[in-house]
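What follows is calculated from the coordinates using simple rules that are stated; it is not laboratory data. All figures in this text were calculated on a predicted structure; none of them were measured in a lab. Quick reminder, even Gly has a Cβ in these numbers, built from the backbone with ideal geometry, and neighbours come from all protein chains shown.
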Amino acid sequence: MRRKLAAGNWKMNGITASLSEVSGLMAAHPEPGCEVLLCPPATLVTAMAALTKGKIAVGGQDCHAEPSGAHTGDIAAVMLKDAGASHVIVGHSERRADHAETSDMVRAKAMAARAAGLVAVICLGESDAQRDAGETLDVIGQQLFASTPDGATGTNTVIAYEPIWAIGTGRTPTLAQIAEVHDFIRSELMGRFGAEGGLMRVLYGGSVKPSNAAEIFATSNVDGALVGGASLKATDFGAIISALSAA
Ligand code: 13P
């Protein structure tokens, strides 16, 4: 059994006042029927963790592969853990694009996360051009293989499939396209990790909103969502949590 996971990625959004959305979310969903994770900017991890007290898990959005050192502006996994995080997103397409992160670097970050006791949420996704060229499964297979460290388990790793062209655009793949990629990821994970590959959650991300959440959550091998824009508002994210709880 894989426990469903509703994860929110606030990206570069949120200041202290934004924590009122989290209070509102907890008040409206005191006993969610799924696991809930919010990944705010690093500046809010400590305050959010103090507020949620483990009822909602808190994660970082990136970590450095090294545990410490001369890396101005970067954050080590152990620092996120110390601040109250239990998870960290690695390899988001915005980091792969904005910071030229390769899958080898993402794998190193995922290993650093594990060493610090954090769950790594490893992101994968094809571009518009790659999908049009019929390369989606090749690209996803390569990213999955190279970004996921040996020894990944259902406890220390979550995979998020986020087609780049669906992020922040309001465009989503068809349910058949989501199922095709999620089924492929599941079979690759089981081929490499055996039974443990059957325990890793595979999230869908990219323009998930209250209006499309239920149908996405009913799709094969979708174990939850990684939500960007709609995770910023308690009402929207709450509706997505309800849809996942009912799935
Ligand atoms: P949107 O939900 O805003 O499309 O963002 C998805 C995403 O990138 C989550 O990591």
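Mind ranking 15-24, 161-170, 209-218 by how tightly packed they are, going by the mean number of other C-beta atoms within 10 angstrom, highest first?
Those peptides, ordered most packed to least, come out 161-170, 209-218, 15-24.
What lysines sit close enough to LYS109 to cross-link, taking a C-alpha to C-alpha distance under 16 Å and skipping anything fewer than 8 places away on the same chain?
Filter leaves LYS81.
Need the list of lysines near LYS209 for cross-linking: C-alpha distance under 28 angstrom, and skip anything on the same chain fewer than eight residues off.
By straight Cα distance, LYS209 reaches LYS4, LYS11, LYS53, LYS55, LYS233.
Please turn the phi angles of segment 74-86 into ³J(HN,Hα) values with the Karplus equation 6.51 cos²θ - 1.76 cosθ + 1.60 (θ = phi - 60°), one per residue in order, whole Hz, x for glycine and proline.
8, 10, 7, 4, 5, 6, 5, 4, 4, 7, x, 7, 10
At a 10 Å Cβ-Cβ cut-off, how would you order SER147, SER245, fewest neighbours first?
Fewest to most other Cβ atoms nearby, the residues stand as SER245, SER147.
Express in % the proportion of alpha carbon pairs of segment 136-247 at distances exceeding 20 Å.
39 percent
How far is the Cα center of segment 100-125 from the Cα center of segment 1-20, in Å?
Measuring centre to centre over Cα atoms gives 19 Å.
What's the magnitude of the charge dipole for segment 19-115 around its Cα centre, counting Lys and Arg as +1 and Asp and Glu as -1 at the beta-carbon? Answer in Debye, nearest 20.
220 debye
For the chain, what are the DSSP H helices with axial Cα length of 30 Å or more and mean Kyte-Doolittle hydropathy of at least 0.5?
Helices meeting the criterion: none.
Expressed as a whole percent, how much of the Cα-Cα distance distribution for segment 125-192 exceeds 18 Å?
36 percent
Just the Cα atoms of the chain: what Rg and Dmax do they give in Å?
16.6, 47
Taking amide H positions as placed in the peptide plane 1.01 Å from N, state which residues far from GLY125 in sequence (5 or more) or on other chains have amide H under 5 Å from it.
Amide H neighbours of GLY125: GLU162.
Net charge near VAL181, counting Lys/Arg +1 and Asp/Glu -1 over other residues with Cβ under 11 Å of its Cβ?
Neighbour charge sum, excluding VAL181 itself: -3.
Normalise the Cα radius of gyration of segment 39-167 by 2.2 N^0.38 Å (N = residues in it) and let me know the number.
Relative to the rule-of-thumb radius for its length, segment 39-167 sits at 1.06.
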